[in-house]
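Here is the structure we will look at.
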Amino acid sequence: MRLIFLGPPGAGKGTQAKLLTERYGIPQLSTGDMLRAAVAQATEVGKRAKAVMDAGQLVSDEIVNEIVSDRIDAPDCAKGFILDGYPRTVPQAVALDLMLESKGLKLDAVIELKVDEAALVRRMENRVAETVAAGGTVRSDDNPEAFKRRLTEYREKTAPLSEYYAGTGQLKTVDGMADVNTVTAEIEKILA
Ligand code: AP5
């Protein structure tokens, strides 16, 4: 199974992707996690991406397209994968279409999680509070200024993907305001 999770920052893409990973035995491909790993390892990509990510802006299409194309070729993706946070612009969606076609692969579904902006801000604040309470490291883009920018980037560059995938007939929308288990159940109904 090959899925895309679409949605604004804090919509629950990562949370739901992780749950489905266990259920379907396919990996979660989070471009955010991959980029954060590159930053932590100070690779060339990481050095280029760090300031952009810290400011809440999108990394270049060229960088993420290459990362995803390489990752899809890994043996653990043979049975499928869940794309979490990619594509995030229409040019990335076009690149993904070409990438999949060239590898002889097809998408099964594009699932969009809909969540109000006020709830997204509260979720980010909760995540920060929980991380601090657990003695962890808060994400460098989980602060009010960067989060506002992430929402603006979403509205301007990612939201148009709903129309793109509605046009291909692949878009399914789920109410992401519900609790985690209810959202998972709705997604599983779509995939059944
Ligand atoms: P990325 O890591 O993808 O972050 P994001 O999209 O901003 O999303 P989040 O991880 O904050 O949210 P999520 O939707 O996964 O929600 P989560 O499950 O964590 O990207 C970070 C940066 O990397 C970007 O800004 C950009 O710079 C760069 N980047 C990444 N991909 C890129 C690309 N393709 N192109 C260019 N640049 C790219 O949940 C959030 C919180 O809410 C958690 O605390 C969770 O416990 C809670 N929660 C989840 N579900 C529920 C629920 N149903 N009810 C209540 N709480 C819930």
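When ARG139 is tested against (1) outside any helix (DSSP H, G or I); (2) among the basic types (Lys, Arg); (3) more than 22 Å from GLY46 (Cβ to Cβ), just one condition goes unmet, and that condition is (3). Selection of segment 72-90 for residues being more than 10 Å from the ligand (Cβ to nearest atom) and either under 22 Å from ALA11 (Cβ atoms) or of a type in the set (S, T, N, Q) (or both) yields GLY80, PHE81, ILE82, VAL90.
Within segment 114-136, the residues that satisfy the criterion of being outside any helix (DSSP H, G or I) and within 24 Å of THR152 (Cα to Cα) are LYS114, VAL115, ASP116. Looking at segment 164-192, which of the residues that are in contact with a strand residue (DSSP E or B) (Cβ under 7 Å, 6 or more places away or on another chain) and assigned to a helix (DSSP H, G or I) is most open to solvent (accessible area, probe 1.4 Å)? Checking each candidate, the answer is GLU186. Checked against (1) in contact (Cβ under 8 Å) with a residue 12 or more places away in the chain; (2) under 21 Å from ARG155 (Cα atoms); (3) not in a loop (DSSP other than H, G, I, E, B), VAL52 meets all criteria but (1). If you go through segment 101-119 and keep only what is open to solvent by 30 Å² or more (accessible area, probe 1.4 Å) and away from the ligand (no atom under 12 Å from the Cβ), you end up with GLU101, SER102, LYS103, GLY104, LEU105, LYS106, ASP108, GLU117, ALA118.
None of ASP84, ASP73, ASP54 is more than 18 Å from the chain's Cα centre (by Cα) and open to solvent by 10 Å² or more (accessible area, probe 1.4 Å) except ASP73. Out of curiosity, is ARG155 farther than 20 Å from VAL68 by Cβ, under 15 Å from the mean Cα position of the chain (by Cα) and loosely packed, with under 14 Cβ neighbours inside 10 Å? Criteria met by ARG155. Report yes if VAL45 is more than 11 Å from the ligand (Cβ to nearest atom), open to solvent by 30 Å² or more (accessible area, probe 1.4 Å) and more than 30 Å from THR184 (Cα to Cα), otherwise no. Answer is yes for this residue. All of LEU161, LEU98 fail the test of being open to solvent by 70 Å² or more (accessible area, probe 1.4 Å), more than 10 Å from the ligand (Cβ to nearest atom) and part of a helix (DSSP H, G or I), apart from LEU98. Within segment 90-128, being in contact (Cβ under 8 Å) with a residue 60 or more places away in the chain and among the basic types (Lys, Arg) holds for LYS106, LYS114, ARG123, ARG127. Applying a threshold of 6 Å to beta carbon distances and a minimum spacing of six or more residues, or different chains, the list of pairs starting in segment 159-182 at a residue that is within 21 Å of THR89 (Cβ to Cβ) and ending at one that is aliphatic (A, V, I, L, M) and surrounded by fewer than 16 Cβ atoms within 10 Å (Cβ to Cβ) reads PRO160/VAL90; TYR164/VAL90; LYS172/ILE190.
Within segment 164-192, how many residues turn out to be charged (D, E, K, R) and more than 14 Å from the ligand (Cβ to nearest atom)? Within segment 164-192, residues that are charged (D, E, K, R) and more than 14 Å from the ligand (Cβ to nearest atom) number 3.
The values are calculated or read from the model by the stated rules, or taken from the named source; none is laboratory data. Since the structure is predicted, the reported quantities are computational estimates derived from the model, not experimental observations. Positions of Cβ are generated from backbone atoms using ideal geometry, with glycine treated the same way; all protein chains shown enter the neighbour counts. The accessibility values were calculated without ligands, DNA or RNA, using every heavy atom of the protein model including side chains. Shrake-Rupley method; radii C 1.70, N 1.55, O 1.52, S 1.80 Å.
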